[in-house]
1. Can you name the residue in region 350-368 that is β-branched (V, I, T) and part of a loop (DSSP other than H, G, I, E, B) and, of all such residues, is surrounded by the fewest Cβ atoms within 10 Å (Cβ to Cβ)?
2. For region 263-299, give me each residue that is surrounded by 15 or more Cβ atoms within 10 Å (Cβ to Cβ) and farther than 30 Å from F232 by Cα.
3. Just the residues that are hydrophobic (A, V, I, L, M, F, W, C) and in contact with a Cys (Cβ under 8 Å, 6 or more places away or on another chain), please, taken from region 355-386.
4. Taking the criterion of being in a strand (DSSP E or B) and within 27 Å of the chain's Cα centre (by Cα), would at least one residue in region 185-208 satisfy it?
5. I'm checking my understanding of the structure. Among residues of region 323-349 that are exposed (fewer than 14 other Cβ atoms within 10 Å of the Cβ) and free of Cβ contacts under 8 Å to residues at least 24 places away in the same chain, which one is nearest to the chain's Cα centre (by Cα)?
6. As an exercise: evaluate I236 against (1) of a type in the set (A, V, I, L, M); (2) within 31 Å of the chain's Cα centre (by Cα); (3) under 21 Å from E316 (Cα atoms) and give the number of the one condition it does not meet.
7. Kindly state which helices (runs of 4 or more DSSP H) lie completely within region 90-170 and contain at least 3 residues that are in the same structural domain as F337 (by TED's automatic domain parsing).
8. Of all the residues that make up region 327-349, how many are touching a strand residue (DSSP E or B) at 6+ places or on another chain (Cβ under 8 Å) and in a loop (DSSP other than H, G, I, E, B)?
Amino acid sequence: MDFNMLEDDAAEEVEHHQDSSTGIGETFSNGNQNEELPQAQSGVKKLKILNNDERRAIYEALLEKNIDQKLKRGVTATVATKNCGRKRVELDLALFKDIPLRKRTSLAALACAINMSKTTLFRIFKAGGFRRHSSSIKPLLKDGNKRTRLQFCLSMLEERSLPHEPIFQGMYNVIHIDEKWFYLTKQSQKYYLLPDEEDPLRTCTSKNFIGKVMFLVAIARPRFDALGGEIFDGKIGVFPFVTREPARRSSINRPAGTLETKSITKVDRDTMRKYLIEKVLPAIKEKWPREDLRSPIFIQQDNARPHIQAPRNVDELVAAVEKSFHGYPASKSNRIFLTLQQCMIETMKARGSNRYKIPHISKAILERDGMLPTQMSCDAALVQEIVNLLS
């Protein structure tokens, strides 16, 4: 087979496809340089004559695709399309990393810093060239804080499993309580409207004093029988910090003396202690499984950012939060405790720091397949390293 003849024929066929798809001006080969020839007449498409290097590249591409010295239909068109058109702009990773983070907060700022159009940069982002990350402020941990976190992680391990096969406790005797602010609304809200719909108008007396209510939530780990049936949902209760007071004056909404629900905006230590004694502890005594009433119970307190709802008044806000609390599936609550154990493992790997990503093990899939564990195991070498570090 004459490969030189094949190379010339392949290049001519590809030139024909490129001519029909791009319409580039007629040129002739002069060494390795292409020079355009003037059009003979208007309406005639310009022909591109390839140089030797381009011919060789096309020949090699076609040679790779030939089967038994034959090319399938459409191969020449594919190679022609591949070798024509505007070349894709590549992102310089070294230059990208040198740009300060403060100049990478938006695509517009990044495009300006990297001297690239925003459209091209967005196309590279959609192709996976770089990723978006939301950075949250985390508490500053000193050495003493890290040490306390590590001690807490070790205290959650089963003593009988140490030191060879460490495994976390089931945490069935731990009650987590947390207080959160829920706002009636927020200053800016996104809606999806039809083209002819009127923009909604939302008003309030002052944007700086939007109504809010604090809730105290107590929850334990749910319990299930051998068949997966729910024995205990773990929901101790949700307690709003509100009072019922009679209205002092009449208004268009209600006469004087009507009981109104008012939010307790100042929740201090005394108020929290009162709620724990008068509401949380009686609820624990009422709802805790009878077989464990004589076992010790630990109450773990946590902090989190406020939540936002969209009711119209305090009564609707309280009703909405209580509905969400009681409607939350016990199966999801059970997964939270496994995530907590995984975070303890990551905390030990980070030597007490909070610089880690929350791990994921597809708990929903494992639960569906009946393979979801009740306790997470921990690497014995990791536990021994932490013990040595603390000692």
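The values are calculated or read from the model by the stated rules, or taken from the named source; none is laboratory data. Every value quoted in this text rests on a predicted model; they were computed, and no experiment measured them. Methodologically, a virtual Cβ is constructed for each residue, glycine included, from the backbone with ideal geometry; neighbour enumeration extends over all protein chains shown.
1. So the first thing to find is which residues in region 350-368 are β-branched (V, I, T), and the list is 358, 361, 365.
From what is left, the residues that are part of a loop (DSSP other than H, G, I, E, B) are 358, 361.
On the way: I358: 8, I361: 14.
Out of the qualifying residues, it is I358.
2. If the condition is that a residue be surrounded by 15 or more Cβ atoms within 10 Å (Cβ to Cβ) and farther than 30 Å from F232 by Cα, then S263, V267 are the ones that fit.
3. Correct list: I358, I386.
4. No, there is no match, as no residue in region 185-208 is in a strand (DSSP E or B) and within 27 Å of the chain's Cα centre (by Cα).
5. Here the residue is K332.
6. Unmet for I236, out of (1) of a type in the set (A, V, I, L, M); (2) within 31 Å of the chain's Cα centre (by Cα); (3) under 21 Å from E316 (Cα atoms): (3).
7. Values: elements: 93-98, 107-114, 118-126, 143-155.
Helices (runs of 4 or more DSSP H) meeting the threshold: 143-155.
8. Going through region 327-349 one residue at a time, the tally reaches 1.
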